[in-house]
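A short write-up of the structure that comes next.
The values are calculated or read from the model by the stated rules, or taken from the named source; none is laboratory data. None of the values given here were measured: they were computed from a predicted structure. Please note: Cβ atoms are built from the backbone with ideal geometry, for glycine as well, and neighbour counts cover all protein chains shown. With ligands, DNA and RNA removed, areas are computed over all heavy atoms of the protein, side chains included. Shrake-Rupley method; radii C 1.70, N 1.55, O 1.52, S 1.80 Å.
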Amino acid sequence: MAVQRTLSIIKPDATRRRISGRINAHLEGAELNIVAQKRVRLSISQARAFYAEHAERAFYDDLCAYMASAPVVVQVLEGEDAIARHREVMGATNPADAEDGTIRKEFGLGVQENSVHGSDSPASAAREIGFFFSEMEIVG
Ligand code: CMP
């Protein structure tokens, strides 16, 4: 499998509880290199643009309000098969369904406050990385 990049977000429920370092330990333990990282406070309109593909879902307004409710840590992860590997380390969207040892099982509070986001395809990864980072900010 080729080396890929993917976008990771450490969400408001996690930054509020000061567990970004523990989440990063999971990522690095899975051989995902953090090649870009910054802390940002999203506006509601930035959150709505980022999650535009979910605009028709019932949870969209709540999701965007939550994502703008506290700082997030946005990251670019790089490694072999990084998109699938990251999704494996994160676990299922709903922490109640996530496997033991995954980030969402260990830290997630609920289906919305599930601590982390990860790109779900190469096309999403390219769009999501470009949403937050310029090439100059990514240092492999
Ligand atoms: P994420 O992987 O960032 O993708 C969309 C987000 O919407 C998801 O994680 C959750 O934070 C949030 N969400 C809230 N409710 C739901 C739901 N019922 N199903 C899926 N995602 C939800």
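Restricting to segment 33-59, count the residues that are touching a Lys or Arg at 6+ places or on another chain (Cβ under 8 Å) and either within 13 Å of the ligand (Cβ to nearest atom) or over 17 Å from residue 132 (Cβ atoms) (or both). Counting residues in segment 33-59 that are touching a Lys or Arg at 6+ places or on another chain (Cβ under 8 Å) and either within 13 Å of the ligand (Cβ to nearest atom) or over 17 Å from residue 132 (Cβ atoms) (or both) gives 1. Each residue in segment 38-50 was checked for being under 14 Å from the mean Cα position of the chain (by Cα) and either crowded, with 17+ Cβ neighbours inside 10 Å or touching a residue at least 40 places away in the same chain (Cβ under 8 Å) (or both), and 5 of them qualify.
Reported count of residues in segment 125-140, each being under 12 Å from the mean Cα position of the chain (by Cα) and either among the β-branched types (Val, Ile, Thr) or exposed (fewer than 15 other Cβ atoms within 10 Å of the Cβ) (or both), is 1. Can residue 63 be described as under 17 Å from residue 10 (Cβ atoms), surrounded by 13 or more Cβ atoms within 10 Å (Cβ to Cβ), within 14 Å of the ligand (Cβ to nearest atom) and without any contact (Cβ under 8 Å) to a residue 60 or more places away in the chain? Spelling it out, residue 63 is indeed under 17 Å from residue 10 (Cβ atoms), surrounded by 13 or more Cβ atoms within 10 Å (Cβ to Cβ), within 14 Å of the ligand (Cβ to nearest atom) and without any contact (Cβ under 8 Å) to a residue 60 or more places away in the chain.
Working only within segment 66-76, note down all residues that are closer than 12 Å to residue 131 by Cα and within 14 Å of the ligand (Cβ to nearest atom). Result: 74, 75. Yes or no: segment 77-100 includes at least one residue that is over 13 Å from the mean Cα position of the chain (by Cα), open to solvent by less than 20 Å² (accessible area, probe 1.4 Å) and within 16 Å of the ligand (Cβ to nearest atom). Yes, because at least one residue in segment 77-100 is over 13 Å from the mean Cα position of the chain (by Cα), open to solvent by less than 20 Å² (accessible area, probe 1.4 Å) and within 16 Å of the ligand (Cβ to nearest atom). The set of residues in segment 73-122 that are among the aliphatic types (A, V, I, L, M) and over 12 Å from residue 6 (Cβ atoms) comprises 73, 92, 96, 98, 103, 109, 111.
For segment 101-124, a residue qualifies if it is open to solvent by 70 Å² or more (accessible area, probe 1.4 Å) and away from the ligand (no atom under 11 Å from the Cβ), and the qualifying residues are 105, 106, 122, 123.
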